[in-house]
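Let me begin by presenting the structure, written as structure tokens, before commenting on it.
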Amino acid sequence: MAGRIPQSFIDTLLDRTDVVEVVDKRIKLKKTGKNYSARCPFHDEKTPSFSVNPDKQFYYCFGCGAGGNAIGFVMDYDNIDFVQAVENLALSAGLEVPREDNPQYNAKKDQSAPLFTALQQANQLYQAALRQDRDSNRAVAYLKGRGVSGQVAKHYQIGFAPPGWQYLLEQLGETNKAHLINSGMAIENDAGRVYDRFRDRIMFPIRDQRGRVVAFGGRVLGDGKPKYLNSPETPVFSKTRELYGLYEAKQSRKPIDRFVVVEGYMDVIALAQHDIHYAVATLGTATSEHHLSRLFRLVNEIIFCFDGDKAGRSAAERALLTVLPMLEDGKQARFLFLDEGQDPDSLVRQVGKQVFETLLKDARPVERFLFDLAADKLDVLSLEGKATLSKRALPLIQQLPKGVFRQLMLQALADKTGVDRQTLEALAESRQPKPKPILAPEPSQQPSRQRVDTASANDRGMAKLSSTLISLLLQRPDIAAKARVEDIAVLYDAGDTLLGDLLSLLHKQPNANTAMLLGHWYGTPEGEILARLAGEESIIPHDGIPAQFEDCLYRLTRTPKVKVLQERINELSHRTMAELADEQKRELMELLQEKRALELRPTHS
């Protein structure tokens with residue numbers, strides 16, 4: 001099932017939507033040849049590398065790799081989710097969005113809607129209370145004492161929860177009691193008494209990617225405990241998925257080249273007050289893979305900022321274990337450790353923006369932190385120390401994706417231990433050990449997946465052919481008719497599912513255009529591949545595309561076909577001609593002829 005909205009409607013919507021018009025409403029486009037161009041809205045650049053293709057109805061940036069159809073652009077530019085983007089475009093097109101019959105989704109939506117309403121109403125009440133409540137003077141004085149301006153407080157929608165036990169219930173009424181409990185804003189005790197979770201606290205709303213309030217963090221005024229109190233997990237809030245300040249950072253409309261991950265709400269606020277608008281905070285939990293995936297979709301560099309004490313270093317190690325499998329070539333992670341007693345809030349107010357950003361720039365690169373961690377309390381000049389260093393570092397390096405960075409890390413380990421890189425690679429491939437935390441053993445924090453690349457030169461050649469075929473299909477979807485059903489079957493048997501799925505879809509929907517194809521895989525790893533290949537139209541020759549497609553498809557499917565034929569030929573050839581029945585003799589002759597024909601078939605190169 002495609003999701004909450006029928007795929008047929010999404011195809012119709014894309015067919016009636018002009019991506020040029022959609023983009024031009026948000027950024028000014030300039031006609032350049034057959035396409036339109038502009039400076040990319042998703043990264044800072046001086047020379048336009050953002051291109052919109054009106055014929056194929058997709059956009060692509062040659063600078064940062066952003067690409068997709070009209071729905072994808074609206075999602076990324078307006079900071080909204082898929083459903084909201086479809087609804088907005090449908091409204092502009094005068095279409096009503098249909099819904100597939102999905103009782104489970106409808107039940108979840110019915111349950112969530114009143115929770116969002118209750119949370120937003122609480123947010124409005126808290127903001128009003130900060131300005132008007134007679135008890136809010138201490139909160140205002142605290143914020144002013146921390147240097148928080150009214151503009152920053154408004155941007156982050158900071159509020160105040162008055163000290164009363166039933167403030168929200170009194171303001172919103174008994175009819176909202178269940179919603180306040182289910183959204184985590186109120187607590188019901190064993191005696192059935194309901195009271196506010198947050199009382200006499202400065203309130204920080206946590207917003208999702210659509211800007212909806214999903215939870216709160218509250219800082220106590222005075223000596224109450226705990227100092228910071230967070231909303232519990234609810235049907236609309238998961239601590240491992242949300243980051244405080246991410247929505248506000250994207251709304252700032254300022255270029256974001258990196259994110260700094262801090263630990264507290266006031267750290268984010270203080271950094272924003274000093275025009276460092278790219279800070280986000282985890283919500284009382286370790287940095288998760290989902291957190292980092294969201295950030296790496298937006299930037300190529302993440303800086304973790306921790307206290308320099310043992311707890312901070314343990315948190316940094318957990319972050320290292322999470323980030324290593326995500327460091328594909330081009331992605332970077334750094335670690336900044338502050339002096340004991342310092343936090344980003346106090347430090348930036350002490351040294352200012354320029355010095356703080358210099359500290360970020362000089363933060364410890366991931367490779368240095370990894371080796372420092374592995375060498376902790378070791379005499380790395382001794383043979384025993386070098387052996388232990390290798391034993392600790394190799395499993396960590398093995399978590400890195402295959403690529404140049406991993407090779408450089410293996411070479412660095414070889415230089416430190418005196419063991420040649422080829423031996424280290426052999427050890428890594430044969431043992432495939434899992435990394436063990438060095439400072440703070442917490443097996444649950446270890447990455448759950450490993451990426452293993454076993455591609456041979458022949459596999460890489462087949463993968464290149466497959467990519468070429470996908471690129472040709474994205475430029476000319478109509479050429480899919482040249483692929484036979486048996487060709488698609490061969491692709492599936494060989495494990496080439498993306499190309500097989502693409503051809504199958506085009507056989508079912510021969511009138512599909514490039515934008516529709518991108519829409520079918522939007523939001524998936526395959527969708528990112530398609531968007532990138534669609535943007536490479538300039539390297540695909542426009543003349544002779546059908547012939548090139550036939551030639552590449554033949555070369556890609558020939559190898560597995562020959563393999564199957566050869567296996568059957570070998571099976572029959574193991575017997576003497578006298579042992580073969582007449583029918584098997586004929587089969588053998590036909591197989592040999594077919595194999596020879598495949599091997600001798602001329603190409604269009």
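So TYR142 passes all but one of these: (1) of a type in the set (Ser, Thr, Tyr); (2) under 18 Å from ASP267 (Cα atoms); (3) over 34 Å from the mean Cα position of the chain (by Cα); (4) at pLDDT below 90. Which condition number does it fail?
For TYR142, the failing item is (4).
Just to check your reading of the model, which residue among LEU180, LEU221, LEU229, LEU243 is at pLDDT below 95 and within 28 Å of CYS64 (Cα to Cα)?
Among LEU180, LEU221, LEU229, LEU243, only LEU243 is at pLDDT below 95 and within 28 Å of CYS64 (Cα to Cα).
Got a sec? Which of ARG334, ARG349 is touching a residue at least 60 places away in the same chain (Cβ under 8 Å) and either under 20 Å from VAL268 (Cβ atoms) or not in a helix (DSSP H, G or I) (or both)?
ARG349
Show the residue pairs meeting these rules: Cβ distance below 8 Å; 6+ apart or different chains; first residue within region 209-233 and free of Cβ contacts under 8 Å to residues at least 24 places away in the same chain; second residue surrounded by fewer than 17 Cβ atoms within 10 Å (Cβ to Cβ) and assigned to a loop (DSSP other than H, G, I, E, B).
VAL220/PRO226; VAL220/LYS227
Each row is one residue, and each column tells you yes or no for (1) over 30 Å from GLN111 (Cα atoms); (2) buried (at least 19 other Cβ atoms within 10 Å of the Cβ).
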{"position": "ARG210", "(1), (2)": "no, no"}
{"position": "TYR228", "(1), (2)": "no, no"}
{"position": "LYS254", "(1), (2)": "yes, no"}
{"position": "ARG258", "(1), (2)": "yes, no"}
{"position": "GLY264", "(1), (2)": "yes, yes"}
{"position": "ASP267", "(1), (2)": "yes, yes"}
{"position": "ALA279", "(1), (2)": "yes, yes"}
{"position": "LEU283", "(1), (2)": "no, yes"}
{"position": "THR287", "(1), (2)": "no, yes"}
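For residues in region 205-231 being under 25 Å from the mean Cα position of the chain (by Cα) and β-branched (Val, Ile, Thr), which is farthest from ILE181 (Cα to Cα)?
For region 205-231, the residue satisfying everything is ILE206.
Please go through (1) of a type outside the set (D, E, K, R); (2) at pLDDT below 80; (3) more than 23 Å from ARG16 (Cα to Cα) for ILE545 and return the number of the only condition it doesn't satisfy.
Checking ILE545 against (1) of a type outside the set (D, E, K, R); (2) at pLDDT below 80; (3) more than 23 Å from ARG16 (Cα to Cα), the one that fails is (2).
When the residues of region 158-193 are filtered to those that are aliphatic (A, V, I, L, M) and under 14 Å from GLN120 (Cβ atoms), which remaining residue is surrounded by the fewest Cβ atoms within 10 Å (Cβ to Cβ)?
The residue in question is LEU172.
Taking region 194-206 on its own, how many of its residues are surrounded by 22 or more Cβ atoms within 10 Å (Cβ to Cβ) and assigned to a strand (DSSP E or B)?
7
Would a scan of region 369-391 turn up a residue that is under 30 Å from ASP267 (Cα atoms), in contact (Cβ under 8 Å) with a residue 12 or more places away in the chain and not in a helix (DSSP H, G or I)?
Scanning region 369-391 turns up at least one residue that is under 30 Å from ASP267 (Cα atoms), in contact (Cβ under 8 Å) with a residue 12 or more places away in the chain and not in a helix (DSSP H, G or I).
Let me confirm something: among ILE256, ILE276, which residue is farther than 24 Å from LYS144 by Cβ and modelled with pLDDT of 85 or more?
ILE256
The values are calculated or read from the model by the stated rules, or taken from the named source; none is laboratory data. This one's a predicted model, so the numbers in the text were calculated from it and none came from an experiment. Positions of Cβ are generated from backbone atoms using ideal geometry, with glycine treated the same way; all protein chains shown enter the neighbour counts.
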